[in-house]
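Colleague: Could you have a look at this structure, given as structure tokens, before my questions?
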Amino acid sequence: MAGPLTAPLPRAVHPAAWWLWAIGLAVAVSTVTNPFLLLTALSVAALVVLSRRGSSPWARSFRLYLWLGGFIVGVRAVLHVLVGLKFGETVVLPLPEVSLPSWAAGINLLGDVRLGGLVGALTEGLRLAVMIACIGAANSLANPKRLLRSLPGALSEIGSAVVVTISVAPQLAESVQRVMRARALRGDTSRGIRAVPRVALPVLEDTLDRSLMLASAMDSRGYGRRREVAPGRRALTATCTLGGLLASAVGIYGVLDATTPGWMGLPALAVGVALSLLGIWLGGAANARTTYRPDPWRAAEWLTVACGAAAAAAVQLVRRSDAASLGIPLDPLGVPALPLLALAGLLVAALPAFLTPPPPPPAPRGAARPRQVATEVHP
């Protein structure tokens with residue numbers, strides 16, 4: 001069988017691997033305001049999406065997340081001009097300052113926009129935009145239907161709600177594209193604000209129709225139906241799940257607070273995770289389903305997850321040794337440093353674009369598609 005380093009055959013990478021990779025990349029940039037590192041992470045996400053996205057409707061949704069990120073950066077800059085803290089030596093835009101009452105002390109409305117504060121606002125907005133782009137990359141690469149099929153039985157209902165939620169943006173993008181193509185075929189070439197009423201209503205109608213079709217398909221496949229479970233086992237499942245959540249909360253608090261006793265840290269967290277996994281395993285018996293053709297988890301999936309984890313670990317190591325290099329000097333404004341370890345970790349996150357199997361080619365139009373059933377429910 002071909003491995004990830006020997007020209008692998010086209011296949012879909014496990015959707016959970018893409019989500020774990022994207023979460024690792026988002027965690028890596030969550031504490032970074034260095035524009036060099038943020039732009040590198042954004043380039044890595046875009047490279048992987050362009051190299052490994054398939055032909056499904058949601059694979060084209062990454063552009064929407066980029067537009068959303070640009071909108072966030074713009075809003076952050078506008079808010080800084082209106083009510084932000086202005087600091088720095090260079091005045092970029094001289095504006096009059098509006099005096100506020102005494103109860104609003106500390107808030108400056110308008111005033112001279114200075115370069116240091118504006119750059120700080122832009123980098124903070126860029127950080128949030130890159131994190132959104134990472135989630136958008138996972139949404140473009142991972143098939144939400146296959147992700148739902150891979151979840152444990154106890155999490156199927158929660159997973160159904162999450163999958164429907166994260167597939168809203170891709171489906172909306174597909175509806176907009178279909179409506180725009182239909183308008184072009186009819187000779188309607190109006191653009192801008194005038195075209196919004198003509199596009200919004202058909203898109204809303206198409207979204208409602210697809211929602212009803214999804215609900216019917218899920219009901220026909222048995223989602224929401226459960227087996228009869230003994231009361232004792234149901235009580236044991238609830239006890240393990242609730243106890244695992246409480247123990248995990250205590251363990252996380254103990255890890256974050258160095259003044260707590262030793263047993264409240266990693267031991268409590270390990271017990272909580274074990275109880276939670278036991279509760280999930282027991283609860284899965286109540287969901288009567290089998291998986292048809294489960295997605296494989298092979299070396300490519302481990303490589304993808306490891307690359308995302310390497311990016312997060314590299315940034316955390318730099319944060320412990322030289323946290324200042326992850327930011328940008330604002331007062332006085334200066335050129336940010338370039339931590340090589342963090343940069344190397346982010347570049348490692350780009351390896352799935354080259355070392356994972358390419359996506360399968362799209363089926364030719366008019367070809368008969370094989371009937372596939374995601375799940376089977378036993379009465």
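Throughout, read-outs are computed from the coordinates displayed, never taken from laboratory work. Worth saying up front: this structure is predicted, and the values here are computed from it rather than measured. Don't worry about glycine lacking a Cβ; one is built from the backbone with ideal geometry, like all the others, and counts go over all protein chains shown.
Colleague: Check which residues have an amide H placed less than 5 Å from V92's amide H, if you skip close sequence neighbours.
Modeller: Residues meeting the amide H criterion: V113, R114, L115.
Colleague: At 7 Å along Cα-to-Cβ for each site, give me the label-to-label distance between V196 and L355 in nm.
Modeller: 4.7 nm
Colleague: Note down the net charge around G88, summing +1 for each Lys or Arg and -1 for each Asp or Glu among other residues with Cβ under 10 Å from its Cβ.
Modeller: Summing Lys/Arg as +1 and Asp/Glu as -1 gives -1.
Colleague: Suppose R0 equals 25 Å. What FRET efficiency, 1/(1 + (r/R0)^6) with r the Cβ-Cβ distance, do R183 and D209 give to the nearest 0.05? Could you put the intermediate results ahead of the total?
Modeller: Working: r = 18 Å, r/R0 = 0.72.
That pair, R183 with D209, gives E of 0.90.
Colleague: With a 10 Å Cβ neighbour count serving as the proxy for reagent exposure, in which order, fewest first, do R63, R53 appear? Kindly include the intermediate steps, with their values, before the conclusion.
Modeller: Values: R63 13, R53 19.
Ordered by Cβ neighbours within 10 Å, fewest first: R63, R53.
Colleague: Also, quick follow-up: Between L109 and residues 5 or more places away or on another chain, which pairs have amide H atoms under 5 Å apart, with H built 1.01 Å from N, and which residues are they?
Modeller: Counting only residues 5 or more places away or on other chains, the set is V98.
Colleague: Sort L95, L20 so the one with the fewest other Cβ atoms within 10 Å of its own Cβ comes first.
Modeller: L95, L20
Colleague: Near V73, within a Cβ-to-Cβ distance under 15 Å, what is the net charge of the other residues, with Lys and Arg +1 and Asp and Glu -1? Mind showing how you got there, number by number?
Modeller: Values: positive: R76, R127; negative: E124.
Neighbourhood net charge equals +1.
Colleague: For every other residue with a beta carbon closer than 11 angstrom to the beta carbon of E97, add +1 if it is Lys or Arg and -1 if Asp or Glu, then tell me the sum. Please report the intermediate quantities before stating the final value.
Modeller: Details: positive: K86; negative: D112.
Summing Lys and Arg as +1 and Asp and Glu as -1 gives 0.
Colleague: I'd like the FRET efficiency for V255 and V91, computed as 1/(1 + (r/R0)^6) with the beta carbon distance as r and R0 of 56 Å, rounded to 0.05. Intermediate results must be reported in sequence, preceding the final value.
Modeller: On the way: r = 46 Å, r/R0 = 0.82.
Computed FRET efficiency for V255 and V91 comes out at 0.75.
Colleague: Report, to one decimal in Å, the Kirkwood hydrodynamic radius for region 227-286 based on all distinct Cα pairs.
Modeller: Values: mean 1/r = 0.0842 Å⁻¹.
After inverting the pairwise mean of 1/r, the radius is 11.9 Å.
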